[in-house]
1. So how strong a dipole does the chain carry about its Cα centre when Lys and Arg Cβ are +1 and Asp and Glu Cβ are -1, to the nearest 20 debye?
2. Go through Lys38/Lys93; Lys4/Lys93; Lys4/Lys63 and tell me which ones have a Cα-Cα distance over 28 Å in this structure.
3. Just to be sure I understand the model, the point goes 7 Å from the Cα along the line to the Cβ. What's the resulting Ser92 to Val116 distance in nm?
4. Mind pulling the angle between the C-alpha long axis of helix 39-48 and the longest principal axis of the chain? Nearest 10 degrees, somewhere in 0 to 90.
5. Which trypsin sites (Lys or Arg not before Pro) from the stretch 1-86 combine a DSSP loop assignment with at most 14 other Cβ atoms within 10 Å?
6. For a footprinting-style exposure proxy, rank Asp106, Asp16 by other Cβ within 10 Å, fewest first.
7. Taking the number of other C-beta atoms within 10 Å as the exposure measure, put Met99, Met1 in order starting with the fewest.
8. Under the Kirkwood approximation for Rh and a Cα-based Rg, what ratio Rg/Rh is obtained for the stretch 1-53?
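A short reminder: the numbers here are calculations on the coordinates, not readings from a lab. Being a predicted model, the structure only gives us computed values, none of them experimental. Here the Cβ positions follow ideal geometry from the backbone for every residue, glycine too, while neighbour counts run over all protein chains shown.
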Amino acid sequence: MTLKEVYAAFGGDYEDVLGRMMTERLVTKFVLKFPNDKSYELLCSSLEGEDYETAFRAAHTLKGVCQNLSITRLFESSNNLTESLREHHVPSKTELNEMLEKVKQDYDLTVSAINVFLESNPQ
C-alpha cells in the first residue's frame, strides 16, 4: 500500500499534505506518529467523565493535527465536535454521542489505514 492509497482509504487529501510538507518522507514520518498522539484518548475519557473543558481542548488538538496532516474526514468530524463544545456549550447527550461516534469511526478508519501501511512498509 502506498501513502497515497492510505490517504484515499481514510478520506485525506494527499496532494494538499504533500504540497505543505514537500516530501513523501516527511509526510510518512508524521503520519506514522499519528496513532501515538493522545488527543483522541483524552477526548474520549474527558467526555466520559463529563469534563467538557478538557474534552474541548482535546478535540481542538485532534482537529489541528488532522488539519496539518490533511486527514480531512477526521478533521471534519473533530471540528464539528470542537465547535459544539466551544465556550462551554454542551450539546444534548444524544447529539454529543452522535458526534463522538462519528469521530470514533473516522479515527478508527484512519488508524486502521495507517497500520495497514505500516505492515506493508516496515520501517
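1. Its charge dipole is roughly 420 debye.
2. Checking Cα-Cα distances, Lys4/Lys93 exceed 28 Å.
3. According to this spin-label approximation, the distance is 3.6 nm.
4. It works out to around 20 degrees.
5. For trypsin sites (Lys or Arg not before Pro) across the stretch 1-86 that sit outside H, G, I, E and B with at most 14 neighbouring Cβ atoms in 10 Å, the list reads Lys38.
6. In order of increasing Cβ crowding within 10 Å: Asp16, Asp106.
7. Result, fewest neighbours first: Met1, Met99.
8. The Rg/Rh ratio comes out at 1.14.
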